[in-house]
Each structure stands twice: as structure tokens, then as C-alpha cells.
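Engineer: Sharing a structure, written as C-alpha cells. Questions coming.
The values are calculated or read from the model by the stated rules, or taken from the named source; none is laboratory data. On a predicted model such as this, the values are computed, not experimentally measured, just so you know. Please note: Cβ atoms are built from the backbone with ideal geometry, for glycine as well, and neighbour counts cover all protein chains shown. Surface areas here come from the heavy atoms of the whole protein model, side chains and all, with no ligands, DNA or RNA. Shrake-Rupley method; radii C 1.70, N 1.55, O 1.52, S 1.80 Å.
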Amino acid sequence: ALVELPGSKEYISMYVDNYVATLTRTLVDPYQEIRKQSCRCMTALCKAHAAKLELQATNLLAPVLTNLSHAHSAVRVIGLDSMADLIMVAGSSTFDVVLPVLLKVVHDSIPKVRIALINAILRVSTQ
């Protein structure tokens, strides 16, 4: 992803708002591969530009949470990973929005999704 290129940190930080606007659309795209790549981009953006993204994190929360109820388990797994990164950037104030969705994921029929949920919770709680 462009966000991960060496030396691009200063350049990309000017366009974080544009990235957020694009990701809010692509995170809810009907195609699963676009959703998965959007989650990867969002994770990279959270890691590289956490301070700049902190103000925009709540705008990304709703689109990320839609991935947790997607039909494909791979989208749910990567959605949980990116949700954890977003919560670490946004802070604990997002728990009120996230908790009801996570309660549904606890009962997911795919073990890989439940393991990803546990890993996401552990990452957020140990930050």
C-alpha cells in the first residue's frame, strides 16, 4: 500500500482526510477483496499516522464494524484486526459503539473468527 512506502510519511500525512473519505466507501464495498484490502490499508494508516488519524477515527468506525457481519469469514477476521488498530487510535471512548457488535461475533460459527476476536481484544487491552 502507498501508506507503507519508505519516505512517504510526510507526504501522506497531508492527505489523511482523503484516505479516510476513500476508506469509508471502500470498507463497505460489495466485493470482499476490496473490503479486505481496505482493512489492510486502514491498519497501515493507523500504524503510520496514528496522531493525524485520531480525529478521524470515529468516521471509520461504522464502516469497519459492517465487516464484522460480512458473509465471508476472511473479511470478518481481517475486519477484527483493523477494528483493534482503530480502537487503539481512537481510544476507549469507542467501546460503547463496538461492544454490541462484538457480542454478536462471540457466537460466530467459524473458530478462526472467534480466535481473531480474542486476539483483537488482547491487543486493545494491553496497549
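Engineer: In degrees from 0 to 90, rounded to the nearest 10, what is the angle of the helix 95-105 Cα long axis to the longest principal axis of the chain?
Structural biologist: 50 degrees
Engineer: Label the chain by shape, choosing from rounded, prolate and oblate, from the square roots a ≥ b ≥ c of the eigenvalues of the Cα gyration tensor; if a/c is under 1.5 it is rounded, and otherwise prolate applies when a/b is larger than b/c, oblate when it is not.
Structural biologist: prolate
Engineer: Also, I was wondering about something else. Along the Cα→Cβ direction, 7 angstrom out, place labels at SER109 and SER93. What is the inter-label distance in nm?
Structural biologist: It works out to 3.9 nm between the two label points.
Engineer: Another question, if that's okay. Tell me the label-point distance for the pair ALA50, ALA74, using the 7 Å Cα-to-Cβ offset, in nm and rounded to one decimal.
Structural biologist: So the label points at ALA50 and ALA74 sit 2.9 nm apart.
Engineer: Let me ask another. Using only Cα atoms and rounding to the nearest 10 degrees, what angle (0 to 90) does helix 57-66 make with the longest principal axis of the chain?
Structural biologist: 40 degrees
Engineer: Moving on to the next point. Using a 1.4 Å probe on the protein heavy atoms, what percent of the accessible area of the chain belongs to carbon and sulfur?
Structural biologist: Ligands and nucleic acids excluded, carbon and sulfur reach 61 percent.
Engineer: Separate question: How many lysine pairs does the chain hold where the Cα atoms are under 30 Å apart and the two sit 8 or more places apart or on different chains?
Structural biologist: So the count of such lysine pairs works out to 10.
Engineer: Helix-only mean residue ellipticity at 222 nm, the chain, DSSP H runs n ≥ 4 weighted -39,500 (n - 2.57), per residue, nearest 500. What is it?
Structural biologist: -22000 deg cm²/dmol
Engineer: Follow-up question, since we're still on this one. What is the helix-to-structure angle for 111-125, meaning the angle in degrees between its Cα long axis and the longest Cα principal axis of the chain, kept from 0 to 90 and rounded to the nearest 10?
Structural biologist: The answer is roughly 50 degrees.
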